[in-house]
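Data first, discussion second: the structure below is written as structure tokens.
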Amino acid sequence: MITMKDIVREGNPVLREVADEVEMPPSEEEKETLGEMLQYLKNSQDEQICDRYSLRPGVGLAAPQIGVSKRMLAVHFTDFNDKLYSYGLFNPKIVSHSVEKAYLTSGEGCLSVDREVPGYVPRYARVTIKAVDLEGNEVKLRLRDFAAIVFQHEIDHLNGVMFYDHIDPDNPFKEPENAKALDH
Ligand code: FHF
Ligand code: ZN
């Protein structure tokens, strides 16, 4: 199972690489890795497993965060309306996005970042994503608000981008233009 010892931390160059596309169909090994990534998220949100293995709770995980420079990500969370988003995805791509932006008033954190980085992270309020899921089905997801933010955080990892790259260094808490504030 994946534990915190497998999570690559800031400073490791793999986090700054543009990850490779996964050739379709994915190999059994790639599917296994992605399944393990999704299982990490579920385990990290289970109080007993989280305590026993000292996991840090997460809602998303991108393959570069376990040292695998391939375009794979997992998410597991419920949104404000209790809708469950639980996916392992290959080659996710934002095919369209809103002009409007959104940001979490509590800022963001990252499993690969062992420090608090204060500030607003402006992201698109709505995105449409195409990808291939663990069962090999092409999926098209229309996401808004918190769900849109989580997927953008993960897709950024596939492009070597960290959440704090988006924070204004001069004024971390400047209200982003044309953005809605989301309380998480
Ligand atoms: C997290 N944790 O999952 C954060 C970090 C906005 O690339 O959000 O680095 F576990 C992926 C309910 C509410 C249950 C919040 C995307 C953040 C992605 C993981 N925890 C939570 C929860 C959480 C990162 N990451 C602080 C670890
Ligand atoms: Zn992250």
When the residues of segment 112-127 are filtered to those that are open to solvent by less than 20 Å² (accessible area, probe 1.4 Å) and either away from ligand 1 (no atom under 13 Å from the Cβ) or in contact with a helix residue (DSSP H, G or I) (Cβ under 6 Å, 6 or more places away or on another chain) (or both), which remaining residue is farthest from R71 (Cα to Cα)?
G119
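In segment 69-82, what residues are touching a residue at least 40 places away in the same chain (Cβ under 8 Å), closer than 20 Å to G136 by Cβ and open to solvent by less than 50 Å² (accessible area, probe 1.4 Å)?
Matches in segment 69-82: R71, M72, L73, A74, V75.
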Does any residue of segment 28-42 turn out to be at pLDDT 95 or above and in a loop (DSSP other than H, G, I, E, B)?
no
Residues that are under 11 Å from the mean Cα position of the chain (by Cα) and either part of a strand (DSSP E or B) or at pLDDT 95 or above (or both): does segment 65-72 have at least one?
yes
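For every residue, the table says whether it meets (1) closer than 24 Å to K42 by Cα; (2) under 16 Å from the mean Cα position of the chain (by Cα).
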position	(1), (2)
K93	yes, yes
H97	no, no
E116	yes, no
L134	yes, no
V139	yes, no
Picking from V127, V113, V132, V161, the residue that is without any contact (Cβ under 8 Å) to a residue 12 or more places away in the chain and either touching a strand residue (DSSP E or B) at 6+ places or on another chain (Cβ under 7 Å) or among the aliphatic types (A, V, I, L, M) (or both) would be V161
What do you reckon, is K5 part of a helix (DSSP H, G or I), surrounded by fewer than 20 Cβ atoms within 10 Å (Cβ to Cβ), under 18 Å from the mean Cα position of the chain (by Cα) and not small (G, A, S)?
no
Identify, from the list Y85, Y103, the residue that is surrounded by fewer than 20 Cβ atoms within 10 Å (Cβ to Cβ), within 19 Å of D156 (Cα to Cα) and touching a strand residue (DSSP E or B) at 6+ places or on another chain (Cβ under 7 Å).
Y85
Please find, within segment 24-60, the residue that is nearest to ligand 1 (Cβ to nearest atom) out of those that are under 14 Å from the mean Cα position of the chain (by Cα) and under 16 Å from V132 (Cα atoms).
M37
Contacts under 7 angstrom Cβ, first residue in segment 1-15 being within 13 Å of S54 (Cβ to Cβ), partner open to solvent by less than 80 Å² (accessible area, probe 1.4 Å) and in a loop (DSSP other than H, G, I, E, B), 6 or more apart:
T3/L55; M4/L55; I7/L111; I7/S112
When you check P25 against the structure, is it free of Cβ contacts under 8 Å to residues at least 40 places away in the same chain and farther than 15 Å from Q152 by Cα, yes or no?
no
Residues located in segment 29-64, provided they are within 16 Å of ligand 2 (Cβ to nearest atom), farther than 18 Å from N91 by Cβ and of a type outside the set (S, T, N, Q)
Y40, L41, L55, R56, P57, G58, V59
Does H153 satisfy the condition of being within 12 Å of ligand 2 (Cβ to nearest atom), open to solvent by less than 10 Å² (accessible area, probe 1.4 Å) and under 30 Å from E32 (Cβ atoms)?
no
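The values are calculated or read from the model by the stated rules, or taken from the named source; none is laboratory data. The structure presented is a predicted model; accordingly, all values stated were derived computationally and were not measured. Don't worry about glycine lacking a Cβ; one is built from the backbone with ideal geometry, like all the others, and counts go over all protein chains shown. Note: accessible area is taken over every heavy atom of the protein model, side chains too, but ligands, DNA and RNA are not part of it. Shrake-Rupley method; radii C 1.70, N 1.55, O 1.52, S 1.80 Å.
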